[in-house]
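J.: The structure under discussion is supplied below as structure tokens; questions concerning it will follow.
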Amino acid sequence: MTDGLRVEVDGPVATLTLDRPAALNALTVQVKVALCDALESLAVDRSVRAVILTGAGRAFCAGQDLAEREEPDAAPLEVEVRERYNPIIRALRSMGQPVIAAVNGVAAGAGASLAFACDLRIAAEEARFVLAFGRIGLVPDSGATWFLPRLVGPAKAAELALLGDPVDATEALHLGLVSRVVPGDQLMPEARALADRLAEGAPLAQALTKTALDRALTIDLDEALEGEAKLQGIAGASADHAEGLAAFREKRPPRFTGS
Ligand code: T3D
């Protein structure tokens, strides 16, 4: 536990809770460093098979802490983005385990980017996304310009990024920004149930699937087909594949280990 971030590991599922509710879980340097450290250490923890990212109180995350940004010793924005935000996004994308954003409330600025960088997003009915960057004279960062057009298409991405209008949970579902919307009191049970299902999956195959899906966004079909063949070679040589085949043959659930 660091001020502003709670890390809880329960069986195969780790839950990271941004925990500065009075400031809508806005991101300070301390929280950003703690979040990045937590993601990097979970990434190498083989006992953790799925991760949930959520926020305490009524917000998911309001992005950069704007009070801290006004402090005289605040790092220049370019440095802050490169050295503190980008490593978080890279850690989310490079970790093998699937990460679920459980968006409990408002996700604004880099808070929205954090959710976009997760593998799955489920939202409470109270959730909303706000591309708040432009309102304070900034450009979308922390991967927002990369993820958003891929999630909602270039036209809607331009509208959301340039106008900064809030997107409520119903519209987010309609746009494909989130895959499920549930009542607020059902969000964490739903996220946990999803995480438990993911935790039963084959870790190596899941990690390779993340890699393939990310790569597919920037390559042509031939490269994707060749890439799939290579990754299948790796997955096919795993003990988990042998276990999957044995479980099928023996008509029992598989017990995947990640080897
Ligand atoms: O390093 C860098 O600067 C570069 C990186 C930039 C990445 C970014 O994320 S830039 C975008 C930064 N975020 C924003 O601009 C969002 C600012 N917040 C809002 O627009 C609104 O608060 C929300 C739309 C998120 C929610 O609105 P609402 O009406 O539900 O709540 P509120 O009343 O505005 O906020 C409640 C409290 O949270 C309030 O504090 P108070 O008055 O009760 O003491 C407010 O000041 C505080 N709060 C909200 N957002 C932030 C924040 N405090 C610090 N930083 C925030 N981002």
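The values are calculated or read from the model by the stated rules, or taken from the named source; none is laboratory data. Treat the numbers as computed from the prediction; the structure is a model and nothing was measured. Every residue, glycine as well, gets a Cβ built from its backbone with ideal geometry; the counts of neighbours run over all protein chains shown. In case anyone asks, the SASA skips ligands and DNA or RNA and just uses the protein heavy atoms, side chains included. Shrake-Rupley method; radii C 1.70, N 1.55, O 1.52, S 1.80 Å.
J.: Antiparallel DSSP bridges in the chain: what percent, to the nearest 5?
T.: 30 percent
J.: What are the residues whose amide H is under 5 Å from the amide H of Leu5, where those residues sit 5 or more places off or on another chain and H is modelled from the backbone?
T.: So Leu5 has HN proximity to Asp19.
J.: Here's another thing I want to ask about it. Using a 10 Å Cβ count of at most 12 others and DSSP loop calls, identify the longest part of the chain lacking such GluC sites (Glu not before Pro). Let's see the in-between values first.
T.: Working: sites that count: Glu70, Glu250.
That gives 71-249 as the longest site-free run.
J.: Here is a follow-up. Take every Cα-Cα distance within the chain, group them into 10 Å bins from 0 onward, and report for each bin the whole-number percent of pairs it holds.
T.: All Cα pairs considered, the percentages come to 7, 29, 35, 21, 7, 1, 0.
J.: Go ahead and estimate [θ] at 222 nm for the chain from helices alone: -39,500 (n - 2.57) per DSSP H run with n ≥ 4, summed, over the residue count, rounded to 500.
T.: On the way: 12 runs with 120 residues, N = 259.
Using -39500 (n - 2.57) per qualifying helix, the result is -13500 deg cm²/dmol.
J.: Can you tell me the orientation of helix 203-216 relative to the chain, as the angle in degrees between its alpha-carbon axis and the longest Cα principal axis, to the nearest 10?
T.: 60 degrees
J.: For Ala74 and Arg6 in one chain, what is 0.36 nm times their gap in residues minus the Cα-Cα distance, to one decimal in nm?
T.: On the way: separation 68, 0.36 × 68 = 24.48 nm, distance 2.42 nm.
Extending this stretch completely gives an extra 22.1 nm.
J.: Follow-up question, since we're still on this one. Per residue, how much accessible area does the chain have with a 1.4 Å probe, in Å²? Can you show the working numbers first?
T.: Numbers: 12840 Å² over 259 residues.
Computed with neighbouring chains in place, this is 50 Å² per residue.
J.: Of the heavy-atom accessible surface of the range 203-250 (probe 1.4 angstrom), what whole percent is carbon and sulfur?
T.: Details: 1980 of 3130 Å².
The computed percentage sits at 63.
J.: Out of Thr54, Thr170, Thr15, any idea which swings most in a Gaussian network model of the chain, alpha carbons joined below 10 Å?
T.: Answer for the Gaussian network model of the chain: Thr170.
J.: Cross-link partners among lysines for Lys210, C-alpha distance below 23 Å, same-chain residues fewer than 8 apart left out?
T.: Answer for Lys210, where 23 Å is the Cα cut-off: Lys230, listed by chain and number.
J.: Taking square-rooted eigenvalues a ≥ b ≥ c of the alpha carbon gyration tensor, is the range 107-203 rounded, prolate or oblate, where a/c under 1.5 means rounded and, failing that, a/b exceeding b/c means prolate?
T.: Working: a/c = 2.19, a/b = 1.70, b/c = 1.29.
It comes out prolate by the Cα gyration axes.
J.: Give me the percent of accessible area attributable to carbon and sulfur for the range 72-119, probe 1.4 angstrom. Could you put the intermediate results ahead of the total?
T.: On the way: 880 of 1630 Å².
That fraction is 54 percent.
J.: Looking at the range 204-259, which trypsin sites (Lys or Arg not before Pro) are in a loop (DSSP not H, G, I, E or B) and have at most 16 other Cβ atoms within 10 Å?
T.: Working: sites: Lys210, Arg215, Lys230, Arg249, Lys251, Arg255; in loops: Lys251, Arg255.
For trypsin sites (Lys or Arg not before Pro) across the range 204-259 that sit outside H, G, I, E and B with at most 16 neighbouring Cβ atoms in 10 Å, the list reads Lys251, Arg255.
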